[in-house]
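Single-structure report; data block below.
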């Protein structure tokens with residue numbers, strides 16, 4: 001591919017390859033901005049840049065990731081995602097078939113999430129190294145649901161931590177496809193839009209205090225953030241962690257801790273003990289939350305630490321990972 | 001309570017009962033994976049105080065000399081070179097930065113999971129001089145041997161290895177000969193033993209009278225190994241016992257050994273902060289010398305300089321625990337490691353910091 005400069009070639013690329021696949025009434029006029037009505041209420045906005053190596057991995061690709069990531073960042077704030085923007089930076093040398101597949105994934109993920117790509121931009125740049133890569137930036141707008149009071153400041157000792165399904169699958173699946181690390185596995189990334197699941201959780205009648213999607217530094221990262229913000233401690237139970245056997249073995253093989261591996265289709269939810277069952281039931285009623293489980297609780301032990309009560313009955317610290325976790329040698 | 005939990009409780013009870021009657025016991029786990037498993041499973045927090053577990057020289061990254069890291073960094077700095085390495089190695093600081101820093105500055109550093117992936121990389125990138133950092137114990141050496149044989153068979157002229165493999169038994173013998181650490185028995189590495197077999201530990205038992213138990217990695221397996229060891233110590237026996245017989249046999253894996261012997265011969269090797277141990281490393285045989293990066297690029301590893309204050313050398317010999325190092329947790333953290341024991345996921349300092357600090 002060699003579509004630099006924003007001239008006729010770029011226009012052709014857009015007209016033939018991108019616009020028709022993402023078609024909707026906000027995008028189709030091809031004006032400089034998308035125009036749409038909003039219901040009265042509070043709006044929520046987020047943005048995220050996506051880079052992933054490799055661009056396609058078992059269970060997804062950078063396109064699906066870019067839509068789901070932004071949809072989920074809105075959803076966990078208890079907002080209903082409506083419109084996304086999409087900025088593509090394509091490197092010269094990118095295979096056109098790969099671009100087609102990524103655009104297809106974007107369209108499919110947007111359809112699944114019930115959002116539209118309202119506006120976008122495409123640039124073609126010289127590649128780094130061997131070229132052929134791409135990065136995607138999406139931004140999203142949604143309307144906050146009424147009556148929600150998400151605020152980690154309301155968390156008290158005794159509150160319960162729920163995760164909506166099997167953890168560590170995205171990070172392990174991506175690693176399995178990485179150049180040089182490739183290994184055969186049936187593991188698929190869990191990348192999925194979670195606004196439907198969030199709707200169920202919010203409608204369960206539980207008083208939700210906090211939600212976050214445990215992406216890059218895994219469940220451990222969210223736990224560490226919470227302990228720092230709230231000043232309480234967290235006790236997790238190893239036996240309660242939803243982990244598929246295949247993910248557990250793969251993590252063991254690579255010497256990684258499932259708690260620090262990325263997820264792209266899970267939510268950590270904090271509620272009072274009294275509301276926990278409602279949330280778990282709401283989760284399990286949804287295909288994307290069927291393995292949801294209570295994984296731990298807040299305690300007032302000081303200083304604030306995240307501890308794991310292990311299967312063996314021992315205790316150990318859980319910390320956020322330092323940069324990217326690296327597979328071990330033997 | 002689950003079945004596993006019941007078994008674990010029972011094993012801990014048995015270990016406690018023996019330790020109660022016995023003098024204090026000090027066991028060394030030679031393998032970095034054991035160190036991490038003991039912490040990660042929480043077992044360390046369940047054992048009686050009179051039973052001390054110390055970590056030995058079993059983390060491949062931690063025993064790699066600074067001189068080796070410096071050579072790797074020097075090669076990474078060359079425009080035509082791509083370094084292929086196991087992930088753990090990239091953050092280890094050399095005298096002038098780490099491979100990770102060099103990569104950030106534009107050097108070509110690729111993380112691989114096996115030596116053969118490095119060969120595949122060399123095949124795919126004929127314009128690059130690919131150097132594989134061949135570190136690790138008897139577990140990874142057969143894979144390096146296979147990769148070198150494959151490179152020879154494919155007549156590759158752009159694939160090289162930087163030899164840094166280490167052998168476990170000579171290091172255990174050195175520790176015992178030095179006599180500076182009172183070790184009552186060894187929890188022997190499960191993966192390494194798959195290759196070398198239980199028989200390899202015979203000299204440790206016969207010459208030094210120290211019990212050796214080959215141990216697996218699941219919590220239950222770890223405890224079975226520990227129980228066999230404390231029993232031997234309490235009964236004043238010294239034998240090789242196998243608590244990992246699902247994977248480890250008496251003779252090990254002869255095929256893997258043959259591969260190692262075809263490509264390498266045992267030679268003196270420099271261990272980080274310990275110095276040279278005879279017959280504890282692997283050098284390429286003459287017919288494979290063309291794949292030796294040192295030879296090809298004409299460089300010599302420099303001296304093994306240890307950063308001032310770093311106790312990694314003492315830690316890997318069981319002479320010091322991480323918190324005894326003044327840098328631990330302050331100047332040396334996983335974010336800004338000074339020594340390799342804080343870098344590797346298998347490193348003793350990293351395990352203490354992650355799970356216990």
**Q.** Qualifying positions in the range B:94-147 - touching a residue at least 40 places away in the same chain (Cβ under 8 Å), assigned to a loop (DSSP other than H, G, I, E, B) and within 28 Å of residue B:169 (Cα to Cα)
**A.** B:137, B:138, B:139, B:140
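So that you can scan it fast, the table gives a plain yes or no per residue for (1) out of contact with any helix residue (DSSP H, G or I) (no Cβ under 6 Å at 6 or more places or on another chain); (2) without any contact (Cβ under 8 Å) to a residue 12 or more places away in the chain; (3) within 18 Å of residue B:38 (Cα to Cα):
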| position | (1), (2), (3) |
| --- | --- |
| B:275 | yes, no, no |
| B:278 | yes, no, no |
| B:310 | yes, no, no |
| B:322 | no, no, yes |
| B:350 | no, no, yes |
| B:353 | yes, no, yes |
Q) So, in the range B:114-128, of the ones that are crowded, with 21+ Cβ neighbours inside 10 Å and more than 8 Å from chain A (Cβ to nearest Cβ), which residue ends up modelled with the lowest pLDDT? A) B:115
**Q.** Residues being surrounded by fewer than 24 Cβ atoms within 10 Å (Cβ to Cβ), modelled with pLDDT under 95 and away from every other protein chain (no Cβ under 14 Å) - total across the range A:147-186
**A.** 4
(Q) I'd like to know if the range B:10-23 contains one or more residues that are farther than 30 Å from residue B:136 by Cα, surrounded by 22 or more Cβ atoms within 10 Å (Cβ to Cβ) and facing chain A (nearest Cβ under 9 Å). (A) no
Q) Assuming residue B:185 fulfils every condition listed in (1) farther than 21 Å from residue B:240 by Cβ; (2) buried (at least 22 other Cβ atoms within 10 Å of the Cβ); (3) away from chain A (no Cβ under 12 Å) apart from one, which condition is it? A) (1)
Q: Quick one: count up the residues across the range A:22-44 that are more than 19 Å from residue A:89 (Cβ to Cβ), in contact with a helix residue (DSSP H, G or I) (Cβ under 8 Å, 6 or more places away or on another chain) and in contact (Cβ under 8 Å) with a residue 60 or more places away in the chain.
A: 1
Q. How about the range B:82-93: which of its residues are at the interface with chain A (Cβ under 8 Å from one of its Cβ atoms) and either in a strand (DSSP E or B) or surrounded by fewer than 22 Cβ atoms within 10 Å (Cβ to Cβ) (or both)?
A. B:84
Q) Restricting the search to the range B:18-36, which residues are part of a helix (DSSP H, G or I) and in contact with a strand residue (DSSP E or B) (Cβ under 9 Å, 6 or more places away or on another chain)? A) B:18, B:19, B:32, B:34, B:35
Q: For residue A:197, indicate whether it is part of a helix (DSSP H, G or I), surrounded by 24 or more Cβ atoms within 10 Å (Cβ to Cβ), in contact with a helix residue (DSSP H, G or I) (Cβ under 7 Å, 6 or more places away or on another chain) and within 14 Å of chain B (Cβ to nearest Cβ).
A: no
Q. Out of (1) within 21 Å of residue B:192 (Cβ to Cβ); (2) over 20 Å from the mean Cα position of the chain (by Cα), what's the single condition that is false for residue B:68?
A. (2)
(Q) I'd like the full set of residues that are in a helix (DSSP H, G or I) and more than 14 Å from chain B (Cβ to nearest Cβ), limited to the range A:224-256. (A) A:225, A:226, A:227, A:228, A:229, A:230, A:246, A:247
(Q) I'd like to check which helices (runs of 4 or more DSSP H) are fully inside the range B:256-357 and have at least 1 residues that are over 20 Å from residue B:60 (Cα atoms) and more than 14 Å from chain A (Cβ to nearest Cβ). (A) B:293-297
Q. Can you find a residue in the range A:51-61 that is touching a strand residue (DSSP E or B) at 6+ places or on another chain (Cβ under 7 Å), over 27 Å from residue A:203 (Cβ atoms), outside the structural domain of residue A:199 (by TED's automatic domain parsing) and assigned to a helix (DSSP H, G or I)?
A. no
Q. In the list A:214, A:242, which residue meets the criterion of being buried (at least 23 other Cβ atoms within 10 Å of the Cβ) and either modelled with pLDDT of 95 or more or more than 19 Å from the chain's Cα centre (by Cα) (or both)?
A. A:214
(Q) Suppose the filter is in contact with a helix residue (DSSP H, G or I) (Cβ under 8 Å, 6 or more places away or on another chain) and either surrounded by fewer than 23 Cβ atoms within 10 Å (Cβ to Cβ) or within 22 Å of residue A:217 (Cβ to Cβ) (or both); does residue A:284 pass it? (A) no
(Q) Restricting to the range A:309-324, and then to whatever is within 7 Å of chain B (Cβ to nearest Cβ) and part of a loop (DSSP other than H, G, I, E, B), can you tell me which residue is modelled with the highest pLDDT? (A) A:310
**Q.** Which listed residue is modelled with pLDDT of 95 or more and either within 14 Å of chain B (Cβ to nearest Cβ) or not in a strand (DSSP E or B) (or both), from A:269, A:279
**A.** A:279
Q) Taking the range B:215-225 only, how many residues are within 13 Å of chain A (Cβ to nearest Cβ) and in a helix (DSSP H, G or I)? A) 6
Q) When the range B:43-62 is examined, which residues are found to be buried (at least 23 other Cβ atoms within 10 Å of the Cβ) and within 11 Å of chain A (Cβ to nearest Cβ)? A) B:43, B:58, B:59, B:60, B:61, B:62
Q: Look through the range B:155-177, keep the residues that are without any contact (Cβ under 8 Å) to a residue 40 or more places away in the chain and more than 17 Å from residue B:292 (Cβ to Cβ), and return whichever of them is surrounded by the fewest Cβ atoms within 10 Å (Cβ to Cβ).
A: B:177
**Q.** Identity of the residue in the range A:307-320, surrounded by fewer than 23 Cβ atoms within 10 Å (Cβ to Cβ) and within 23 Å of the chain's Cα centre (by Cα), that ends up farthest from residue B:48 (Cα to Cα)
**A.** A:320
(Q) Restricting to the range B:226-245, count the residues that are within 22 Å of the chain's Cα centre (by Cα) and more than 14 Å from every other protein chain (Cβ to nearest Cβ). (A) 7
Q.
I'm trying to understand the selection: among the residues of the range B:226-248, which are farther than 13 Å from residue B:34 by Cα and outside any loop (DSSP other than H, G, I, E, B)?
A. B:227, B:228, B:229, B:230, B:231, B:232, B:233, B:234, B:240, B:241, B:242
Q.
Condition check: over 20 Å from residue B:61 (Cα atoms), at pLDDT 95 or above and either assigned to a helix (DSSP H, G or I) or in the same structural domain as residue B:26 (by TED's automatic domain parsing) (or both). Does residue B:251 satisfy that?
A. no
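The values are calculated or read from the model by the stated rules, or taken from the named source; none is laboratory data. Worth saying up front: this structure is predicted, and the values here are computed from it rather than measured. Glycine gets a Cβ as well: all are built from the backbone with ideal geometry, and neighbour counts include every protein chain shown.
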